[in-house]
Amino acid sequence: MAEDHTHVQEFFAARAADWDRKFPDDGPAYAAAVAELGLAQGDAVLDAGCGTGRALMPLRAAVGPEGTVLGADLTPEMLAEAVRAGRDRYAALLRADVARLPLRTASVDVVFGAGLISHLSQPAQDVRELARITRPGGRLALFHPIGRAALAARQGRRITDDDLRAEPRLRPLLASAGWRLTSYADEDERYLAVAVRED
């Protein structure tokens, strides 16, 4: 597991400074995904694997000044870029591993994870930890600003059914950790899977 974490940190650390410049047009997709979550004023939300914090401003707007927004990421360089971009105005930033979050049980209403699932070293255990910190009836949103096929084409590879984001793989993975998949969209312009935390 430590090797996996080291690989993830090295991958993102090397790309952190250019991350926002590489994907300059993703803002509206993030805002649209957040709008679909039905967040309420005063809710508590965690952006798990927040990177440079591109979701933090729409998340803050959705929960208002009385809400709580946390951004957690494993890579210090990504968090530093979030601060450099001024996104720490919208959230408390934590350097934390999704596998061991420094949060109380049932302390958040929604977990938002952009590009998260494919970087989890132990997906079943990690989504169980996300379930632990989410109140019963709370939601998990797994998002990417482009769909699986478009992402595979961008990376010069073919789409495969063993991708954890494929619905037949994702549904049982989430169910084993106490989540019920309630909506699934995998389109060229976005990927958004939403699950509810079971009691």
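Worth a mention:
- Couplings for segment 77-83, taken from phi via the Karplus curve 6.51 cos²θ - 1.76 cosθ + 1.60 with θ = phi - 60°, read 5, 5, 5, 4, 5, 4, 5 Hz in order; Gly and Pro are left as x.
- Highest mean first, the peptides 176-185, 46-55 sorted by other C-beta atoms within 10 Å per residue fall in the order 46-55, 176-185.
- Förster-model FRET efficiency, 41 Å R0, Ala61 and Arg154, C-beta, rounded to 0.05: 0.90
- Of the listed residues Thr68, Thr105, the order by accessible area with a 1.4 Å probe, largest first, is Thr105, Thr68.
- The solvent-accessible area of Val194, taken with every protein chain present and a 1.4 Å probe, is close to 20 Å².
- Amide H contacts under 5 Å for Leu74: Ala96, restricted to partners 5 or more places along the chain or on a different chain, H placed in the peptide plane at 1.01 Å from N.
- Annotation: His7 carries an accessible surface of approximately 120 Å², with a 1.4 Å probe and no ligand, DNA or RNA atoms counted.
- Rounded to 5, percent antiparallel among DSSP beta bridges of segment 75-199: 70
- Helix-only mean residue ellipticity at 222 nm for the chain, each DSSP H run of n ≥ 4 adding -39500 (n - 2.57), per residue, nearest 500: -10500 deg cm²/dmol
- Cleavage-rule hits (GluC sites (Glu not before Pro)) in segment 39-135: DSSP loop, at most 15 neighbouring Cβ within 10 angstrom: Glu66
- Projected label distance in nm at Thr105 and Arg180, using a 7 Å step from Cα toward the beta-carbon: 2.1
- Projecting label points 7 angstrom from Cα along Cα→Cβ for Phe23 and Asp161 puts them 2.8 nm apart.
- When only alpha carbons are used to place a centre, segment 151-166 and segment 2-72 end up 22 Å from one another.
- Of Gln155, Gln125, Gln41, the residue with the greatest mean-square motion in the GNM of the chain, using alpha carbon springs below 10 Å, is Gln155.
The values are calculated or read from the model by the stated rules, or taken from the named source; none is laboratory data. Since the structure is predicted, the reported quantities are computational estimates derived from the model, not experimental observations. For neighbour counting, all protein chains shown are included, and Cβ atoms are generated from backbone atoms with ideal geometry for every residue, glycine included. Side chains are part of the model used for accessible areas, which takes the heavy atoms of the whole protein and leaves out ligands, DNA and RNA. Shrake-Rupley method; radii C 1.70, N 1.55, O 1.52, S 1.80 Å.
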